[in-house]
């Protein structure tokens, strides 16, 4: 009786993460961190210019990411 040959192992390959998704996750993490700080009572009663600037810049970054993703999807559909 012949012994079975081991199955050839397929080479492992790495699929890099989508940069838009990674950036989006970073923005969500910053938002969650700010929200958590507010729940703990840190800066609960005051909204400084710095906090407002951070929030607005995060919103604009998120909007830019969404617009880039829409552009990508529209190019694929054409």
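Might you check whether a residue that is at pLDDT below 85, surrounded by 10 or more Cβ atoms within 10 Å (Cβ to Cβ) and assigned to a helix (DSSP H, G or I) occurs anywhere in region 57-75?
As a first pass, look at region 57-75 and keep what is at pLDDT below 85: none.
Scanning region 57-75, I find no residue that is at pLDDT below 85, surrounded by 10 or more Cβ atoms within 10 Å (Cβ to Cβ) and assigned to a helix (DSSP H, G or I), so the answer is no.
Taking residues in region 65-78 that are at negative phi and touching a residue at least 24 places away in the same chain (Cβ under 8 Å), and partners anywhere that are part of a helix (DSSP H, G or I) and surrounded by 12 or more Cβ atoms within 10 Å (Cβ to Cβ), the pairs with Cβ atoms closer than 7 Å and at least 6 places apart or on different chains are 65/20; 65/23; 65/24; 68/20; 69/20.
The values are calculated or read from the model by the stated rules, or taken from the named source; none is laboratory data. What you are looking at is a predicted structure, and each value in this text was computed from that prediction instead of being measured. We place every Cβ from the backbone using ideal geometry, glycine too, and count neighbours over all the protein chains shown.
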